[in-house]
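The values are calculated or read from the model by the stated rules, or taken from the named source; none is laboratory data. Just so it is clear, the structure is predicted and the values come from calculations on it, not from any experiment. Methodologically, a virtual Cβ is constructed for each residue, glycine included, from the backbone with ideal geometry; neighbour enumeration extends over all protein chains shown.
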Amino acid sequence: MTQPPYGQQPYQQQPYQQQPPYQQPPYQYGPPSVAPQQGQGLGWGPQFAPPPGPPGYPRQGFQPGWQQQLPPRKKSKAPLFAILGVVLFAVAGLWIFGVIKKNADNQYTQPTYSAPTYRSTQGPVPTTTAEPTEQPTASKPTTTRPTTTRPTRKATSKATPPPPSNLDIVARNSLYQTGPMRTVNCKEPNIKPNTAANAAKYWARIKPCLDLSWARQIALAGYKFEAPSMLYWSGTSVSNPCGSGAVAVPFYCSANHMMYMKVDNFVKTYNQYPSAEDKAYARMWYSRSIAHEYGHAMQSVTGILEASYDLQYELNSSADRLRQTRRMELQANCFAGVFLAANKRSYPVNGLMLKVWNQWVVTAGDKPEQGDHGSVASQARFMGRSFITGNPASCNTFAASPRSVT
């Protein structure tokens, strides 16, 4: 059973891992990117013919020099003077011609070359006066963008989804979609729980099996697994953060994630009846009891326990609140059946152990609609069923009709 943390701070469990920022697992509602051109050469110029030879001599072509002349025979001086005059006249004429030519050359004006003007159809070409020494600074044209007003609309793609409701957490929890629990080959402790110390040892041997079994199941559901602590006690009460008062049975406290295992009642039951069947019954009750409280711890890890309390606070009638508590307790018993089913071969749950399970454990219950742990029919419907399937899906007591949780 559980001690509701009325007026106490609930155990701060790990946040759910569904979607940011709520970090809860997704609750499943069904099965589960040129070379420059050279200019024109200067290959032209005037060519001059040599001066004409003396009269009576054939004209000759251009010679690089004068040919030696043979001296004439002596004759009358008159013809000689005549020839000298002609020569002097020719030399004077040549000198005059050279002077005139030189003057003419000095007065020649070199023609000025003007580059041709080309018209462009691509607009005017900017005029530059000197070669730029650095890259010119170009200014981008200033343009004014038109101002448009977009219609305001609600953002849907990045909207934060609402957190799951309490009903979603208890009735559509992803734990129900994790499939059958695998065996960890747990074996019943070879300890006679006939004293308080032995009873504590008996439970201490079973707890690691529960840790291993549920760690995988919780991880498959998308939650962070945290094994509960366990404390053994005797008497009528024990100090705990979940409340005070007389307590007659083991319980789980979510405020500190601890199971409080009451040893004296179980020791008394084991020692009171000597038959082998009675001993088997007591041991089977020991096993179911710790698995039941561990089931409450897993309800806490998955958020089911806290959501169930919240739903209970919202109910108006005492009958509805009692039924809500009954759903929670029936589920914890059902989770116990899941663990025992997964390890029934190695434990083993057979022979007298299986007989007393079917005859005394599964058939134990409250009167219909009167207790908070469920009637015999409800126990068989959930814990009896899960002992066959070994599947947490058999334990969704919160989605069952009110008639199934009497």
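A compact table of results
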{"item": "Any chance Arg321 is of a type in the set (Lys, Arg), farther than 29 Å from Ser275 by Cα and crowded, with 16+ Cβ neighbours inside 10 Å", "result": "yes"}
{"item": "Condition met for Val238 (within 29 Å of Ala399 (Cβ to Cβ), at pLDDT below 95 and aliphatic (A, V, I, L, M))", "result": "no"}
{"item": "Residue match in segment 222-239 (condition: in a helix (DSSP H, G or I) and surrounded by fewer than 21 Cβ atoms within 10 Å (Cβ to Cβ))", "result": "no"}
{"item": "Any helices (runs of 4 or more DSSP H) falling wholly within segment 339-395 and containing at least 1 residues that are closer than 22 Å to Glu293 by Cβ and among the aromatic types (Phe, Trp, Tyr)", "result": "385-389"}
{"item": "Asn333 being outside any loop (DSSP other than H, G, I, E, B) and in contact with a His (Cβ under 7 Å, 6 or more places away or on another chain)", "result": "yes"}
{"item": "Any chance Leu322 is of a type outside the set (Gly, Ala, Ser), touching a His at 6+ places or on another chain (Cβ under 9 Å), part of a helix (DSSP H, G or I) and under 19 Å from Thr406 (Cα atoms)", "result": "no"}
{"item": "Number of positions in segment 174-209 that are out of contact with any Gly (no Cβ under 8 Å at 6 or more places or on another chain) and either in a helix (DSSP H, G or I) or at positive phi (or both)", "result": "19"}
{"item": "Any pair with Cβ under 9 angstrom, 6 or more apart, that starts in segment 160-183 at a residue that is surrounded by fewer than 18 Cβ atoms within 10 Å (Cβ to Cβ) and ends at one that is of a type in the set (D, E, K, R)", "result": "Arg182/Arg216"}
